[in-house]
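Colleague: Supplied in structure tokens, the structure appears directly below.
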Amino acid sequence: MSRIVVAMDSFKGSLSAKRAVSIIADVLADEMPNAVIVQSPLADGGEGTRAIIEPCMPENVCLIESAQLIGLNLPEVRSLDAMNRGSTPLGVAIDVSLSSALAARPAMIAVS
């Protein structure tokens, strides 16, 4: 029996990592019905990272996703030159998490 791991990142602006992995796994299952197919969506720290990591995290961990805070998931921001993007929202989120009740919780920062 074959064991196949389908592990991939998203296709920016068209497919989430979960959806891309699901499509490929479905095709493989049709073509290789006896295979064990493991679905493992990935994220590189950019958009979609929260959706991949959060279900696996303990409840008390704070996750700060830079791509979402900076707005990289928004179409109008994607078209901007990288030098014109600001990271102020990320800095504010880190500052607030360190200076509030969240400081007592473990934190994870996903940076793209």
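Colleague: So how much accessible area does residue 26 have, in Å² to the nearest 10, using a 1.4 Å probe?
Modeller: 80 Å²
Colleague: Please give the net charge around residue 46, taking every other residue with its beta carbon less than 9 angstrom from that of residue 46, where Lys and Arg add +1 and Asp and Glu add -1.
Modeller: For residues surrounding residue 46, the net value is -3.
Colleague: Count the net charge of all other residues whose Cβ sits under 13 Å from the Cβ of residue 63, scoring Lys and Arg as +1 and Asp and Glu as -1.
Modeller: Summing Lys and Arg as +1 and Asp and Glu as -1 gives -1.
Colleague: Then there's this: Mind grabbing the accessible area of residue 14 for me, 1.4 Å probe, Å², rounded to tens?
Modeller: Estimated to the nearest 10 Å², residue 14 gives 90 Å².
Colleague: Could I ask something else about it? For a quick check: with amide H placed at 1.01 Å from N, whose amide H comes under 5 Å from residue 9's, ignoring anything fewer than 5 positions away on the same chain?
Modeller: 42
The values are calculated or read from the model by the stated rules, or taken from the named source; none is laboratory data. Remember, predicted model here, so these are calculated numbers, not experimental data. When we count neighbours, we look across all protein chains shown, and the Cβ atoms used for this are built from the backbone with ideal geometry, even at glycine. The protein model used for the area step is the full one, side chains on, heavy atoms only, and it has no ligands, DNA or RNA in it. Shrake-Rupley method; radii C 1.70, N 1.55, O 1.52, S 1.80 Å.
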